[in-house]
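Worksheet: the structure to be examined is printed underneath.
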Amino acid sequence: MSKDFDIDQYLGIFLDEAEEQLQILDESLVLLEQERDNKNLLNQIFRAAHTLKGSSASMGFEKMAELTHVLESVLDDLRHGKLTVTTEIIDYLLNGLDALKVIKAEIISGESNGVEISSLINDLKKIKGKEDPPAFITETKKAVSAAESSPSELQIELDDVEMHVASAAKANGYNVWHTKVNLAPDCLMKGARAYIVFNNLKDKGEVIKTIPPIDEIEEERFEDSFEFVIVTKLSKDVLNSIIKSISDIAAVQIEAVQIGFIAEGISEGERVEGDGRISSDKVHGQAKVAQTVRVDVQRLENLMNLAGELVIDRTRLADVNGSLKTTLGADKTIETLEEVTVHLGRIVGELQEEIMKARMFPIDQVFNRFPRMVRDLAQKAGKEINFIVEGRETELDRTVIEEIGDPLIHLLRNAIDHGIEGPQERMRAGKPAIGTIKLRAFHQENQIVITVQDDGKGMDPAAIKVKAIDKGIITSDIASRLSERETLNLIFAPGFSTATVVSDVSGRGVGMDIVRNHIEKINGLVDIDSAWGKGTKFTIKLPLTLAINRSLLVYLGKQVFAFPLANVLEIINVDVGQIQQVQQRDVILVRGEVLPLFKLSDILPYPDDGIQRDKPPVVVVGISEKRLGFIVDELMGEQEIVIKSLGEFIGQVPGLAGATIMGDGEVALILDVRGLAGQAGV
Amino acid sequence: MDQEKNLVGAAEEQLVVFQLGNETYGIEISAVHEIIRMQSITKVPRTPSFVEGVINLRGRIVPVIDLHKRFELPLEEETPHSRIIVVEVKGVTVGMIVDSVSEVLRIPQNKIEPPPPAITGGIETEYLRGVGKWKEELIILLDLEKVLDKSEYKILEQHSQELAATK
């Protein structure tokens, strides 16, 4: 084995791939339980297990290879009808999958948690009901040696163009060799090996076709062997010795291409199984996938930042253009400047949008782990649940995706544990025994909307009120005045929900305040809609991105501060004479409601302009169900701003979310309304 | 590298030399990003008093500290010679306000001595890397990592917040 290559470089690719395959397994196994006769699905599961087996073995992760091998053999029996799909088998397979995930985590962390796979393997072998399957390693070795000793007929299918090239070459006295290279099963950098093979042949002839396609070979998406057709003057023996001289090559098989001969292509990986149809499906399936490039997330972040800079400069340019126009009036040069400014502005806008799109992921990245979770939880709770997911392809900014998983898990968990009733109870209520939970995502204007809806028992406002009074969240006086919607919102109040409380009330609430905090942290909103006896629906609204923010700009002295517009309810002018004192706090009555008032300059603290105004502007913000007003010196206007951090040295400042650069190059500070409320002691 | 240095004689250090009050200080040139004129600084609330605020350095938000305040030296008026030295230490970029920047020096390593206890008016020895002798002058070499140390800074931050809270 060559030491020139860094295994870490391949580890990343391996882990990405493993994650992908594990995800496929996870999703399709759950689906398989519902569609037990779905042969395509079984094949898909088998292929994922097979790929994982191959890649883990080639990276030398024995434990993973061994376990996937056993899983694969059970799947193979299922696929060939030797076993039938039962819940028990699915459970075993899922257990195996969980162990694989743990092993993968071990690989990432580099420390062994001592996952015991032998009992799992025994279980799996038991359901196979057979003698021990041959150990994985020996099997591969056998396969390789078989290929070496008795080469089977090599067959390849060339398309018209390739056939044309091949026949033309042959007519000109070139040889057209169909070559199959088997790498040693313990070869670690298969992609690199393959590259060396092609590189050594580069000036000896022309490779006109490879199986799998060359990009897949480069990405190491093949098992232990790959094939190619080369047009060359070399003889078969010379070609053979050139390839054999490269280390880690187990076997080489070379045959002349029969021009005009058309046959089923044999392909990677599936040779051991001898199933040509699957592999051709696979090739076909991949052809439909859009071409993609893997890009480092950091690079996208940098691009986004650069685009942000351009946005700032666009604003500055427009400012300059504006002031030149006022001082110099109509002038040809200024007209051109204006034209360029507008055009540049548009292009920068589009550029920013495109980069933003590049950072978007389909929300399926979050959704795809839910079917399994719902299945497991439902099983544990003894409930039957039909889980429907819609809008998997809805795209969200990466930063938002990272944050949205946990709140959704909470909501789904609650829907299963407390929303959906047991089968008997449902029947008694005249509902179908199987409950339904629907998770849906879609775009609406400049927002992403995610809904979690169940047809369970819903929430009882009366019971919520009782509990809230009990918990000291509200007084009975206030409770009597609450609307139904306000009552439902009480479940988000900190301290309302604990697991024990929830089940005897109307049913919901493991950490609903945490759910709301999470969502509001990413500038989202959450709303409930519930009908007693009929079900509950949570609606989450999220911004498309966290990097750019529409803000209300205000002044304290000469310094500009930005309120995220998502938090701003309204702007009012308050008559100083109307301000009252309640418990040593300034409040004012706005349309009959008490609004606590704070001077922004006191809360931050920050120097203001010192001018005593009779009617200072007040920015009214909403955080959860609370409303509070901040007195500022002056209003500046609304603008899109790019959020930048204050940097590691300064770190988190309570009440500030970051900084941004204004059109004139000055730095404005972005306010964190939640933090401000904390500082204000609200 | 070492060989190269031996060729030119004794190993040297390249320093950016600046004034702070009456003293002359030096920091290693490799840490210096750039030296800029004073510009408008945006104050940031709830930061230690030596943090003057943040500036826009060509689209980047960079914090700026006042070294006088950092070392509890007597404050100096801002003059046309005042500069901000932008340094990068362990990936953290910080601007430092100094009274003036005088020159870039190569100083042989054998002219650098460990800091004697309590040499200067105010700066505690722990922030010093040593003292360089150059002609008739003493150049106090700052240990930037210590000066910008976060853990120390965190303590100061807490302290100043407590102060703010008691006010």
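The values are calculated or read from the model by the stated rules, or taken from the named source; none is laboratory data. Since the model is a prediction, treat every value here as computed from it, not as a measurement. FYI the Cβ positions are ideal-geometry reconstructions off the backbone, even for glycines, and counts take in every protein chain you see.
Taken over the stretch B:37-56, the residue count meeting the criterion of being surrounded by fewer than 18 Cβ atoms within 10 Å (Cβ to Cβ), out of contact with any strand residue (DSSP E or B) (no Cβ under 6 Å at 6 or more places or on another chain) and at the interface with chain A (Cβ under 8 Å from one of its Cβ atoms) is 1. Across the stretch A:32-73, the number of residues qualifying as touching a Pro at 6+ places or on another chain (Cβ under 9 Å) and of a type in the set (A, V, I, L, M) comes to 2.
Would you confirm whether any residue within the stretch A:589-607 is under 22 Å from A:Arg550 (Cβ atoms) and more than 11 Å from every other protein chain (Cβ to nearest Cβ)? Taking every residue of the stretch A:589-607 in turn, none turns out to be under 22 Å from A:Arg550 (Cβ atoms) and more than 11 Å from every other protein chain (Cβ to nearest Cβ). Every test in (1) crowded, with 17+ Cβ neighbours inside 10 Å; (2) modelled with pLDDT under 75; (3) under 23 Å from A:Ile13 (Cα atoms) is passed by A:Val144 save one, and that test is (3). For the stretch A:29-58, the set of residues classified as part of a helix (DSSP H, G or I) and of a type in the set (S, T, N, Q) consists of A:Gln34, A:Asn40, A:Asn43, A:Gln44, A:Thr51, A:Ser55, A:Ser56, A:Ser58, listed by residue number. Any residue at all in the stretch A:76-87 that is under 19 Å from A:Ala18 (Cα atoms) and in the same structural domain as A:Leu22 (by TED's automatic domain parsing)? No, every residue in the stretch A:76-87 fails to be under 19 Å from A:Ala18 (Cα atoms) and in the same structural domain as A:Leu22 (by TED's automatic domain parsing).
Helices (runs of 4 or more DSSP H) fully within the stretch A:236-343 that include at least 1 residues being modelled with pLDDT under 70 and surrounded by 15 or more Cβ atoms within 10 Å (Cβ to Cβ): A:276-287.
For (1) buried (at least 19 other Cβ atoms within 10 Å of the Cβ); (2) within 11 Å of another protein chain (Cβ to nearest Cβ), each residue gets a yes or a no:
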position: B:Glu34; (1), (2): no, no
position: B:Arg58; (1), (2): no, yes
position: B:Ile65; (1), (2): yes, yes
position: B:Glu78; (1), (2): no, no
position: B:Gly95; (1), (2): yes, yes
position: B:Val101; (1), (2): no, no
position: B:Gln109; (1), (2): no, no
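Checked against the criterion of being farther than 25 Å from A:Leu306 by Cβ, of a type in the set (Ser, Thr, Tyr) and in contact (Cβ under 8 Å) with a residue 40 or more places away in the chain, the candidates B:Thr93, B:Thr47 yield just one match: B:Thr47. Any residue at all in the stretch A:561-576 that is under 28 Å from B:Thr42 (Cβ atoms) and within 14 Å of another protein chain (Cβ to nearest Cβ)? Yes, because at least one residue in the stretch A:561-576 is under 28 Å from B:Thr42 (Cβ atoms) and within 14 Å of another protein chain (Cβ to nearest Cβ).
Screening the stretch A:546-602 for residues that are part of a strand (DSSP E or B) and among the basic types (Lys, Arg) and picking the one that is nearest to the chain's Cα centre (by Cα) gives A:Arg550.
Under 7 Å between Cβ atoms, at least 6 apart or on separate chains: pull out the pairs that start in the stretch A:28-44 with a residue that is of a type outside the set (S, T, N, Q) and end on any residue that is not in a helix (DSSP H, G or I). If the second residue must be not in a helix (DSSP H, G or I), the pairs left are A:Leu32/A:Asn38; A:Leu32/A:Val85; A:Arg36/A:Val85; A:Leu41/A:Glu35.
Quick grid of which residues meet (1) modelled with pLDDT under 80; (2) surrounded by 22 or more Cβ atoms within 10 Å (Cβ to Cβ):
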site: A:Lys3; (1), (2): yes, no
site: A:Asp8; (1), (2): yes, no
site: A:Ile13; (1), (2): yes, no
site: A:Glu20; (1), (2): no, no
site: A:Leu29; (1), (2): no, yes
site: A:Leu52; (1), (2): no, yes
site: A:Glu66; (1), (2): no, no
site: A:Val70; (1), (2): no, yes
site: A:Leu83; (1), (2): no, no
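Scanning the stretch A:628-656 for residues that are part of a strand (DSSP E or B) and either under 20 Å from A:Gly557 (Cα atoms) or more than 14 Å from chain B (Cβ to nearest Cβ) (or both) gives A:Leu628, A:Gly629, A:Phe630, A:Ile631, A:Glu634, A:Leu635, A:Met636, A:Gly637, A:Glu638, A:Gln639, A:Glu640, A:Leu656. Among residues belonging to the stretch A:657-673 that are outside any strand (DSSP E or B) and under 18 Å from A:Asn523 (Cβ atoms), point out the one that is farthest from the other protein chains (Cβ to nearest Cβ). Looking at the filtered set, the residue picked out is A:Val673.
In the stretch A:72-107, the residue that is farthest from A:Lys380 (Cα to Cα) out of those that are hydrophobic (A, V, I, L, M, F, W, C) and in a loop (DSSP other than H, G, I, E, B) is A:Leu83. Under the condition of being over 22 Å from A:Ala441 (Cβ atoms) and in contact with a Pro (Cβ under 9 Å, 6 or more places away or on another chain), the residues counted in the stretch A:348-389 number 3.
Each row is one residue, and each column tells you yes or no for (1) modelled with pLDDT of 90 or more; (2) assigned to a helix (DSSP H, G or I); (3) in contact with a strand residue (DSSP E or B) (Cβ under 8 Å, 6 or more places away or on another chain).
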position	(1), (2), (3)
A:Asn386	yes, no, yes
A:Val389	yes, no, yes
A:Leu408	yes, yes, yes
A:Leu412	yes, yes, yes
A:His418	no, yes, no
